[in-house]
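Step one of this worksheet: look at the structure below.
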Amino acid sequence: MPRDTAKDEPGRMMIRSYSFKDSESTEFMEPTSPMKPPPDSLALKISGDPKKRILKSPPRIDLQRLKTITGRHEDIAEALFRETGSQTGDQLFEQYQSKRDNMLAIEGKRGIGIIRIIVDHMKDLINADDNNAELTRVVPAVAKEFLECLIIQHPELLKMGQPLEEAAAMVKPVVFLVADLILSKEQLERLPTERCPAKKLDKSDKPSKPCHLSLPSNIRNAFAKTVDKKAGQTCVHDMVKVDELQRWSGNLIKIIEEVVQPTVLHSLIDETSFAADFKTSSFERLLELCKLSTLTTPSDGYYLLHKAALLFKGDSMNFDQVHDIIRSVVRRSPKSIYQLSEVVGESHQTPYALLRSVDPSRNKASNSSQTSTKIEAWKRVEKLLRHTCIGDENDRDEKMEYLYGNLQNARDIYLDMAFPKLIDKDFMETLTAKIDFRFDTALEYVSLRQDENEVSSLNPQVPVKSLITKERNRYQGVFEWLGKRGVEKIFKVVVEDLGATPHTDQAIKAALEDFKVEILDWRKIDLSSQMIAKAAEATRKLFLHSSGNEAVLRSWSCKNGLAKLEQLESVTVTMHPGLREAKDDCEKNFETFKESFRRRRPDIAAKNVCILWAGGPGDAQNVTGTTDLPSSTRQSDQVAWVKNMESFKEYLKNELFTSEDSALANVKIALIDNGVDSTVDDIPHLVPGKSYHGERDKKIPFRDWFTGPSRHGTQMAQCIYQVCPMATLVPIRMDDSKPELDRFTVDSAIKAVRRAYDMDVDIISMSWTFPKEGVTDTQKLEFRTAIEDASRNGRILMGSLNDNEAASNIADFFPLNMSKEVIRIGSATKWEDKADTTRAGHAHYLFPGRDIPFTDPEGDLKNASGSSLATAYASGLAGLIIYAARALPLVDHDLSEKERKDLNEVVKREGVERIFKLLAGSPNKHEPEDLIVKSGSHFPKDAAREAMEYGKAVMLKSFFTKLMTFS
C-alpha cells in the first residue's frame, strides 16, 4: 500500500498527511526554481534564428522516484524508534550513509528531507499514544546519535521542509539538539591553531600551557585526523582537521541564521517548555545567531518578551529558567523592552507593563514554596527590565513614562549635585530633611561637582587655591548615603576631583565597588588602573585625566592594566599639558600608550582610544558658569500685605490638622522657573521636581531643579511659601543654560507646562514671558496646546507681565496673550498702589511686587521688584484659598449641600477669581483690569484665639462667609 494513502492498521503507525508546498530544487527536479504553470500549459524557448522557434514541453518530474525517497526516509524514521533495535544511531547512520544512492542527503516529496520526516514521525508517535509523551522532553539515544550525524555530515538538510519550525511546536529537544552542535564564541575564538598556547614552547621545547580547546566528542570524531600516537600529541588542534571544522562551523551558522524564523523562537517560549528541562544555553545560542528582525516580529500580537512575561501567569514550571531566557533576549536586543503588543481588542502594552500585570505576589491565596520561588524570579525579571530601561540612552522623560506611567509615583533615576558648598555625607543628610529623595534601585548617573573652578589649581599659570582644609574624601560619604537608600546600580559616575586634595585610591574604590559602574568619569589626575579594575570591573566606557607622565601611561597599557577590563569598549584620555610634561611629550606618550594598549586589546577600535586636551573642545569640566546664590534669605521685614494674613496661615499650617488630615486638604503648586535652591533657610520640604537645564547644549553641565544658580526661582518659591507655607511646591526648571542668549528655551517651556499638567497640580505659576517673534509656528502651536490642555483640565495658570517691555503690546508675548487660559498678574507697591513698571490695562490683578526685601549672599537686606514676585504672591494666595476651602468640610461635618457645592467652586479658577475680585473691592467686575488685591480685614487677626473660643469650624466658616454668600 502506498504510504501517502495508508490506512490505520493494527500495530502500524498512521502516517500523517502533508500539505502541498512549493519545494526547493533537487537533483530529481527541473527546473531549479519552483515550478509554475507556463502560459497555455506550454513553455516557449527561443534559440538561434528568431524564425526557428522550438517548442519544448516543460521538464517532467519523476514523482514516483520522489515517493520512493520519502518512503525510504519514513522507513529509516521508524527504525530509529523501534524498541527491539540493536544498532546504535552511529551504526545506523553509517549503514545508510555508505550506500551509493546518497539517500540521506536528498529530498523527497514536497522538498522535505529526512530530518523533517523524523520530526513528523515523533509527532505522530506522541499523538498516537500518551505513553510517548516523553518524546516532548527528550530524544532517545539512537535517534539523537543519528540526527547528530546527519547534521554534521549534511547541515543543508535543515533547510528542507522547515524541520526546526515543526520541531519547535511539539518536539523541542530536536531544536536544542541542533543548537548544541553550534560551537560557542569561546570555542570559535580558540579554534585557530596559532592561538593555541600549547604551540608556544618553553626553553625545554615543551608546551608552556595545555591546549585550551574543548570540543564535543561527536564533532571531534567527525573531524578527527590520523595522529601518530608515538609522538604523544596532546593538543586538540593536532587531533582534528581544523580547517574543515572551521568551514563546517561557518556553514552551519549561516544555515541556522536562515532557518531560525520567529515562529521557532516563539514556539520554544511556552509553558510546556519550562515545565520540562529547558536548555537555556541552547536557546541562547539560537538567539545569538538569529537575525534581529526575528525579535521584532510578533506572533499572535505578542513579541518574544511579551510571551516570556506572560509565563508568570502559569504554575509548576522552572521560573529561574524563565528569568534566564528573558535576560538572554534583553541582552540580545535591549530595545525589545519597548515593543508594544499588537493583540486585537487589547491595549498596547510594553513587556514591563505586561509583567507588572501578572505580579504573582498579588495572589494572596497561594503560599507554597513554588509560589515563593515564582515571586523571587518575577522580582528579578522586573528589576532586569527596569534597570535596562534606566541604563539605556533614551530620553529621560520616555524612561519615566515607561517605568512609572503616573509621574506622581515616579522615583529618582539620577543624582546631579552642583553646589558652592562642600558636598559630603553630612550635606546630603541635611538636604534630605528638605527634599523627598525617592531613588530607584538603579541610577542613570551620579554627578558630583562643586561650583568652584578647582580646575585652575592644576594650571601652573594660575595660583593654586588652598583646598587643604576641606575634607579630602568627601564624596565617599555621598556614595555610602546612596547605598543606604537602596541604590544597587549606577550606570555612569562623573566626579570632579581635579583639586589640590583629590580622593585617595582607597576611598574611590570604597565609593564605587558596590555599584557595578559601566561608564566611569572620575576626574582625578593619573588614576590608578589597578584601582579601576577593583572598583569598577564592569566599566565599558572609561574617561581618564593624565599629566602626560610616561610611567603612569605605561601602567595603563600593561597586561595588568586597563586590558583586564573585559567589558571595556572605549578609553578617552584628557591631557593636562604643562602640569608635569610639555604638550609634545604628552602627545608622544599618549601614542605610545595607545599602540601598546591596542596590542593587548585589538578588539577595541583605534577610533575608540582617543585624546582630548584640557581647556579644549570636548573638555566639559571647563564650563562652570557659577553665580552668587542666596545663602540665607530669611526675611525680617515682610510686606504688610503678607503680615495681614500671618495669623490665619500659621494656624492652618500648624494647628488646624494632624499631619494625616492635612494631606486631604493639600494644594499643589507648580513653579516653572530656573529652579529652587534647596539649601536656603526658609525653603521648607520640597517634592521631586524636574529640570530641563542644558538640553540645547550637551557640553554644558546639567543642573537639577534643586541646585543653583537659581536666584529668581528661589525668590518666587519664598514668596509662595510666605503666603501658603502648607503648599506642596513642584519646582520645574526650564533650560536656562545660556542666559546670555535668552532666559530659557521655548521647547523647555512647552515641556515644563506639560510636566506640570501631568503632575496633577492645582496652580501653575509662570513668572516669565517670551516674544512671539523668532518662535516657529510649530512651537507656537505646541505651547498654545499645552496651556489650553492645562486650563481645560482645571489647572489655574498665573502669568506675570513683562516689566521690561511695558510699552509693548501684550498680544506679542506668550503666555500673556492667552488671557482666556492665563490670569495676568502685574505689580503693585507695598502701599497697594499700581507700580510704575506695570502698564495700565495690561493686568487682570495687581499684587505686591515692588521693593520686596530679600537677604543677599553677604547677609545684607536688599530689595527686589517685579511682576514676577507679584505672580508668586498671587499663586500663594490662590493656594491658601484652595487649602482653606478643602479644609472646611474636614472640620465641619454639618455643612449644607449648597455650602459644599460653593466650596467646590472655590477651588476652580472662577472661584479663585471671585475671591480676588472681592478682596480688590470689585466683586461684580465682569472683566477684571488692574484690580489691586488687598488682604485688609478679610483675614482673622488672631485665628488661634478665635478657634479656641468658637471652634475650628466656626473660625474657618466665618472667613468664607466674608468672601462668599453661604445660606
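Each residue, residue 789 and residue 504, gets one label point 7 Å from its Cα in the Cβ direction; the gap between the two is 5.4 nm.
On the accessible surface of the stretch 70-177, probed at 1.4 Å, how many percent belong to carbon and sulfur atoms?
Details: 1870 of 4320 Å².
Solvent-exposed carbon and sulfur of the stretch 70-177 make up 43 percent of the total.
Please give the net charge around residue 329, taking every other residue with its beta carbon less than 12 angstrom from that of residue 329, where Lys and Arg add +1 and Asp and Glu add -1.
Working: positive: 307, 327, 331, 332, 335; negative: 284, 288, 324.
Counting the neighbours of residue 329, the net charge comes to +2.
Over the stretch 643-878, what is the relative contact order in whole percent, taking alpha-carbon pairs under 8 Å and six or more residues apart? If you can, show how the numbers build up before the last one.
Working: 457 pairs, mean separation 45.2, N = 236.
Answer for the stretch 643-878 is 19 percent.
When you filter the chymotrypsin sites (Phe, Trp or Tyr not before Pro) in the stretch 247-344 for DSSP loop state and at most 15 other Cβ atoms inside 10 Å of their Cβ, nothing is left. Per-residue surface analysis assigns residue 272 an accessible area of about 90 Å², computed on protein heavy atoms at 1.4 Å probe radius. When the Cα gyration tensor is reduced to axis lengths a ≥ b ≥ c, the ratio a/c is 1.5 or higher for the stretch 263-369, and with a/b not above b/c it is classed as oblate.
Starting from the residue with the highest accessible area, list 766, 726, 239 in decreasing order, probe 1.4 Å.
Numbers: 766 0, 726 30, 239 55 Å².
The ordering from most to least exposed comes out as 239, 726, 766.
Tell me which trypsin sites (Lys or Arg not before Pro) from the stretch 499-535 have a DSSP coil assignment and no more than 16 other beta carbons within 10 Å of their own. Let's see the in-between values first.
Values: sites: 509, 516, 523, 524, 534; in loops: 516, 524.
Qualifying residues, ordered by number: 516.
Stretched out straight at 0.36 nm per residue, the stretch from residue 908 to residue 650 would grow longer than its current Cα-Cα span by 90.5 nm. Computed from phi, the 3J(HN,Hα) profile of the stretch 816-827 under the Karplus parametrisation 6.51, -1.76, 1.60 (θ = phi - 60°) reads 4, 6, 10, 5, 5, 9, 10, 7, 8, 10, x, 9 Hz, with x in place of Gly and Pro. Accessible area per residue was computed with a 1.4 Å probe on protein heavy atoms; residue 193 scores about 50 Å². Backbone amide hydrogens, once placed in the peptide plane, bring residue 854 within less than 5 Å of 862, 863, 864, excluding anything fewer than 5 places away on its chain.
DSSP finds beta bridges in the stretch 643-878, and of those with both partners inside it, around 25 percent are antiparallel. Only Cα sites of the stretch 483-540 enter the Debye sum here, all with the same form factor; the resulting log10 I(q)/I(0) across q = 0.14, 0.16, 0.28, 0.29 1/Å is -0.35, -0.46, -1.27, -1.33, listed in q order. As a calculated quantity, the FRET efficiency between residue 514 and residue 63 at R0 = 56 Å, using C-beta atoms, amounts to about 0.20.
Spin-label pair residue 582-residue 819: with each label point 7 Å from Cα along the Cα-Cβ axis, the two points sit 7.2 nm from one another.
Restricting everything to alpha-carbon atoms, can you work out Rg to Rh for the stretch 924-967 with a Kirkwood hydrodynamic radius? The partial results should precede the final answer.
Details: Rg = 13.6 Å, Rh = 12.3 Å.
Answer for the stretch 924-967: 1.11.
Length gained on full extension, residue 950 to residue 778: 56.2 nm, using 0.36 nm per residue less the C-alpha separation.
Apply 1/(1 + (r/R0)^6) to the Cβ-Cβ distance of residue 296 and residue 394, taking R0 = 25 Å, and write down the FRET efficiency to the nearest 0.05. Can you show the working numbers first?
Details: r = 17 Å, r/R0 = 0.68.
E(calc), rounded to 0.05, equals 0.90.
Tally Lys and Arg at +1 and Asp and Glu at -1 over the other residues with C-beta under 13 Å from the C-beta of residue 412: what net charge comes out?
On the way: positive: 396, 399, 411, 438, 485, 690; negative: 416, 436, 440, 444, 704.
Within the 13 Å Cβ shell, the charges total +1.
Label reach from residue 896 (point 7 Å along Cα→C-beta): in the stretch 927-967, amide nitrogens under 13 Å belong to 965-967.
With all protein chains kept in place, the per residue accessible area of the stretch 643-878 amounts to 36 square angstrom at a probe of 1.4 angstrom.
Our Cα-only numbers for the stretch 571-610 put the radius of gyration and Dmax at 11.0, 33 Å.
Could you please state how large a percent of the accessible area of the stretch 840-952 is carbon and sulfur, counting protein chains only and using a 1.4 Å probe?
Numbers: 2270 of 4930 Å².
Carbon and sulfur together cover 46 percent of it.
Close amide H partners of residue 447, meaning residues 5 or more places away or on another chain with modelled amide H under 5 Å apart, are 415, 416, 417, 494. Using the 1.4 Å probe convention, the accessible area of the stretch 76-145 works out to 49 Å² per residue with neighbouring protein chains retained.
Accessible area of residue 503 (1.4 Å probe, protein heavy atoms only, ligands and nucleic acids ignored): about 0 Å². For the stretch 643-878, a/c is less than 1.5, where a ≥ b ≥ c are the root eigenvalues of the C-alpha gyration tensor. That puts it in the rounded class.
How much accessible area per residue does the stretch 299-426 have, counting only protein heavy atoms and a probe of 1.4 Å, in square angstrom?
Details: 5880 Å² over 128 residues.
Ligands and nucleic acids excluded, the result is 46 Å² per residue.
A simple spin-label model places the labels of residue 941 and residue 569 7.2 nm from each other, with each point 7 Å out along Cα-to-Cβ.
The values are calculated or read from the model by the stated rules, or taken from the named source; none is laboratory data. Computed from a predicted structure; not experimentally measured. Reconstructed Cβ throughout: ideal geometry from the backbone, glycine too, with neighbour counts over all protein chains shown. The area values use the complete protein model at the heavy-atom level, side chains included, leaving out ligands, DNA and RNA. Shrake-Rupley method; radii C 1.70, N 1.55, O 1.52, S 1.80 Å.
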